[in-house]
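The values are calculated or read from the model by the stated rules, or taken from the named source; none is laboratory data. The structure presented is a predicted model; accordingly, all values stated were derived computationally and were not measured. Quick reminder, even Gly has a Cβ in these numbers, built from the backbone with ideal geometry, and neighbours come from all protein chains shown.
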Amino acid sequence: MIMDYDVVIIGAGMSGLAAGIRLAHFEKRVCIVERHYAYGGLNSYYKLEGREFDVGLHAVTNFCNPGDRHAPLSKLLRQLRLTRDDFDLRPQHYSEVQFPDQRLRFSNDFQFFTEEVHQKFPREIDGFLRLVARIRDHADTLDDTPWVSTRSVLSEYLRDPLLIEMILCPVMFYGSAEEHDMEFPSFVTLFKSILMEGFARPPGGVRSIIKALVRRFREAGGTLRMRCGVERIHCVGERAANLELSSGEILTTSAIISSIGFAETMRLIARTGNAVDHEPNAETNDHVGRLSFIEAIAVLDRRPAELGLDSTIIFANDSSKFHYARPEDEIDSTSRILCCPNNYEGHEAVEEGIVRMTWLANPMCWFEFDDAQYAERKEGLYELFLDQAGRYVPDIRNHVVFRDMFTPRTIRYYTGHINGAVYGSPVKHRDGRTPLENLFVCGTDQGYLGIVGAMLSGITIANERVLVANTRSEK
Ligand SMILES: Cc1cc2nc3c(=O)[nH]c(=O)nc-3n(C[C@H](O)[C@H](O)[C@H](O)COP(=O)(O)OP(=O)(O)OC[C@H]3O[C@@H](n4cnc5c(N)ncnc54)[C@H](O)[C@@H]3O)c2cc1C
């Protein structure tokens, strides 16, 4: 039997689920197909020996207070017809950027960060305030704009190179698919979401958010099919005609939104009469992400705050220059993110604590190891984790009761992202368009990053490329 839908969405990550909800609200017959057995994609959850873990969630960015109706998070909730209670977000304690001789703390009150800059870099405060004004005035657009270097913009306003590096560190770590420098519009989005708005987390972890999204999608009438990978997108001329699933089943549809990445989507395209020929240039270096991460996770016998670690997230760099690039070796141990998912308000009830440490990783090394080398290198890194975590919790070794680790290999296996690239391609497709007129991309490669960004991306592409386009063609 051939099933027919108005829209098929590839991938049940944050962006695919949000796009699906939007379309289902407008009575589209919409089906999300997900090749994995779990929802959530890059930000899913799993259980190990009775303990529940988030795959990634350090922080939901873009925190806002309940009355702030114009904030991105409020807009997102309205578009999805969800309430703040559905996500159960609790604000962070405070986070910090640590360089050898300087430390900048930030919270969900941007004035606090401004005061930190004023106190630690008094000569820079005027330039910093002018930079913030420019960031506030920056208008987001779906149109492609010429690439503008963030480093060059920052150096128009700030003279102290250390402050520039300390601002870039959390922003690039939490979303840049580009190495060394990043395009200014992405910097603006991330600066606002991390430093101006801030972090939150539900006590139940990312599963609270995913469950709310799945429930809303189903209530709105959408179809969600798990363990249902798309093998091919068959085209006729410049249009996608149908999707072939791994089971051999065919779905016909008027439009496809893919959340799996641009190059990953182009790989699926098969022209009629030439079923194995991939779309040309689909995997040029430009369109494939190079950056991945490795994360070590330790479960402690108590909350980190009880051991003196009260920060929510620490972005640390061991020299005065932040080097954000694919490492030569398997990881770059000179910078790291340390996350304490218990250090949010309302998380005091847990008996065990968690500390997560993330480093930039070179995916190629991790793909090339055989199984024995892979296990051995993970063990070695775990020792490094304990050494480095010991800088923040001196006797951490005595409190670890369980541990886990994921690598670029894990990320590639569970999400299908080439190179296990967490932030996707350095070339973003802001308008969501592809060479096929009825195939669009949302999520990581559309350009809005992180959990909130991914959901906003799904909403935007559903609104602009399907709902508005249909309204126009119906007039
Ligand atoms: C370790 C880690 C930590 C992170 N921490 C944070 C954080 O603290 N805060 C934050 O805001 N962001 C964080 N992120 C980033 C955030 O998770 C992502 O930006 C966001 O989840 C991306 O969602 P997406 O929908 O664009 O893509 P994805 O999550 O990649 O979803 C794509 C989905 O498509 C599915 N798929 C792939 N191929 C096929 C196919 N052929 N057929 C069918 N389905 C397919 C995949 O299985 C996947 O479920 C983190 C990411 C990682 C990996």
Legend entry - Conditions (1) modelled with pLDDT of 95 or more; (2) under 21 Å from Met266 (Cα atoms); (3) more than 15 Å from the ligand (Cβ to nearest atom); number of the one not met by Ile461: (3)
Legend entry - Selected residue (criterion: nearest to the ligand (Cβ to nearest atom)) from residues of region 169-224 that are among the hydrophobic types (A, V, I, L, M, F, W, C) and not in a helix (DSSP H, G or I): Phe199
Inset, instruction - Mind listing whichever residues of region 329-354 are within 18 Å of Arg391 (Cα to Cα) and either among the hydroxyl-bearing types (Ser, Thr, Tyr) or more than 19 Å from the chain's Cα centre (by Cα) (or both)? - result: Asp332, Ser333, Thr334, Ser335, Asn343, Gly353, Ile354
Inset, instruction - Could you tell me which residue of region 1-16 is surrounded by the fewest Cβ atoms within 10 Å (Cβ to Cβ), considering only residues that are away from the ligand (no atom under 14 Å from the Cβ) and assigned to a loop (DSSP other than H, G, I, E, B)? - result: Met1
Legend entry - Filter result for the condition that a residue is touching a helix residue (DSSP H, G or I) at 6+ places or on another chain (Cβ under 6 Å), aromatic (Phe, Trp, Tyr) and touching a residue at least 40 places away in the same chain (Cβ under 8 Å), over Trp359, Trp366: Trp366
Legend entry - In region 52-70, residue nearest to Ile297 (Cα to Cα) [restricted to those that are within 15 Å of the ligand (Cβ to nearest atom) and at pLDDT 90 or above]: His58
Inset, instruction - Using the structure shown, decide if Ile256 is assigned by TED's automatic domain parsing to the domain that holds Tyr37, within 15 Å of the ligand (Cβ to nearest atom), within 21 Å of the chain's Cα centre (by Cα) and modelled with pLDDT of 95 or more. - result: no
Inset, instruction - Answer with yes or no whether Thr444 is within 14 Å of the ligand (Cβ to nearest atom), buried (at least 19 other Cβ atoms within 10 Å of the Cβ) and assigned by TED's automatic domain parsing to the domain that holds Gly50. - result: yes
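Could you please let me know if Ile451 is within 19 Å of Ala263 (Cβ to Cβ) and touching a strand residue (DSSP E or B) at 6+ places or on another chain (Cβ under 7 Å)?
No, not satisfied.
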Legend entry - Options Ala24, Ala38, Ala19; residue that is part of a helix (DSSP H, G or I) and either within 15 Å of the ligand (Cβ to nearest atom) or out of contact with any strand residue (DSSP E or B) (no Cβ under 9 Å at 6 or more places or on another chain) (or both): Ala19
Legend entry - Qualifying positions in region 333-363 - of a type in the set (D, E, K, R) and crowded, with 21+ Cβ neighbours inside 10 Å: Arg336, Arg356
Inset, instruction - Considering each of Asn285, Asn281 in turn, give the residue that is modelled with pLDDT under 95 and at positive phi. - result: Asn281
Legend entry - Which listed residue, of Glu368, Glu437, is assigned by TED's automatic domain parsing to the domain that holds Asn463 and away from the ligand (no atom under 16 Å from the Cβ): Glu437
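Only residues that are among the acidic types (Asp, Glu), farther than 14 Å from Val188 by Cβ and part of a helix (DSSP H, G or I): list them for region 112-149, please.
Correct list: Glu115, Glu116, Glu124, Asp126.
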Inset, instruction - Scan Leu104, Leu82 and give me the residue that is within 19 Å of Ser193 (Cβ to Cβ), assigned to a strand (DSSP E or B) and out of contact with any Cys (no Cβ under 7 Å at 6 or more places or on another chain). - result: Leu104
Legend entry - Enumeration of residues in region 291-310 that are part of a loop (DSSP other than H, G, I, E, B) and touching a helix residue (DSSP H, G or I) at 6+ places or on another chain (Cβ under 6 Å): Asp301
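Given the criterion among the charged types (D, E, K, R), touching a His at 6+ places or on another chain (Cβ under 7 Å) and not assigned by TED's automatic domain parsing to the domain that holds Ile257, identify the matching residue among Arg90, Arg123. First the steps, then the outcome.
Numbers: Arg123 fails: touching a His at 6+ places or on another chain (Cβ under 7 Å).
Exactly one of Arg90, Arg123 is among the charged types (D, E, K, R), touching a His at 6+ places or on another chain (Cβ under 7 Å) and not assigned by TED's automatic domain parsing to the domain that holds Ile257, namely Arg90.
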Legend entry - Filter pass, Cys228 being part of a loop (DSSP other than H, G, I, E, B) and touching a residue at least 12 places away in the same chain (Cβ under 8 Å): yes
Legend entry - Set Asp140, Asp160: member being surrounded by fewer than 19 Cβ atoms within 10 Å (Cβ to Cβ) and modelled with pLDDT under 95: Asp140
Inset, instruction - Could you check how many residues of region 404-422 are near the ligand (Cβ under 10 Å from one of its atoms), in contact (Cβ under 8 Å) with a residue 40 or more places away in the chain and either surrounded by fewer than 24 Cβ atoms within 10 Å (Cβ to Cβ) or of a type in the set (A, V, I, L, M) (or both)? - result: 6
